[in-house]
Amino acid sequence: MANAEALKKRKSNLPPPPVDEVSENIHPRQPVDSASYERADARSFRRTGRTIQFNIRVTADFDRQVREIAQRERRTLAEVLERAMALYDQNDSS
């Protein structure tokens with residue numbers, strides 16, 4: 001087991017590196033134009049029995065489109081994506 005006191009003593013009081021030595025690959029996140037659409041909290045719509053979490057990164061435009069469809073059709077995001085997948089499979093097999 002590591003001795004926590006020994007680890008605390010290892011901290012040095014060195015100043016941070018100069019700005020010109022910091023990596024160039026760190027950029028702030030680009031803000032999404034939240035004024036263009038409002039994300040609804042669909043958790044309260046209904047229970048679905050779905051238990052697997054599915055996380056992907058999409059463009060703001062795709063996110064807006066899928067959420068608009070879900071709101072208009074009164075469906076969950078999962079239902080919209082499941083229906084899209086079923087249509088994709090149907091068209092792909094023909």
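Taking the stretch 49-60 as the search range and keeping residues that are over 12 Å from Leu81 (Cβ atoms) and loosely packed, with under 11 Cβ neighbours inside 10 Å, which one is farthest from the chain's Cα centre (by Cα)? Don't jump to the end; show me each part of the working.
Restricting attention to the stretch 49-60, the residues satisfying the condition of being over 12 Å from Leu81 (Cβ atoms) are 49, 51-53, 55, 57, 59-60.
Then drop every residue that is not loosely packed, with under 11 Cβ neighbours inside 10 Å, which leaves 49, 51-53, 55, 57, 59.
Values: Gly49: 21, Thr51: 17, Ile52: 15, Gln53: 11, Asn55: 6, Arg57: 6, Thr59: 10 Å.
Among those residues, the one meeting the criterion is Gly49.
Would the stretch 76-94 turn up any residue that is modelled with pLDDT under 75 and outside any helix (DSSP H, G or I)? Walk me through how you get there before you give the answer.
The initial filter retains those residues of the stretch 76-94 that are modelled with pLDDT under 75, namely 94.
Checking which are outside any helix (DSSP H, G or I) leaves us with 94.
Within the stretch 76-94 (the criterion being modelled with pLDDT under 75 and outside any helix (DSSP H, G or I)), the answer is yes, since at least one residue qualifies.
If we keep just the residues of the stretch 43-68 that are in a loop (DSSP other than H, G, I, E, B) and among the basic types (Lys, Arg), which is modelled with the highest pLDDT?
Restricting attention to the stretch 43-68, the residues satisfying the condition of being in a loop (DSSP other than H, G, I, E, B) are 45-59.
After this cut, where a residue has to be among the basic types (Lys, Arg) as well, the list is 46-47, 50, 57.
On the way: Arg46: 58, Arg47: 65, Arg50: 78, Arg57: 95.
Looking at residues that are in a loop (DSSP other than H, G, I, E, B) and among the basic types (Lys, Arg), I get Arg57.
The values are calculated or read from the model by the stated rules, or taken from the named source; none is laboratory data. Remember, it's a predicted structure, so these values are computed and weren't measured experimentally. Cβ sites come from the backbone with ideal geometry, for glycine too, and all protein chains shown count toward neighbours.
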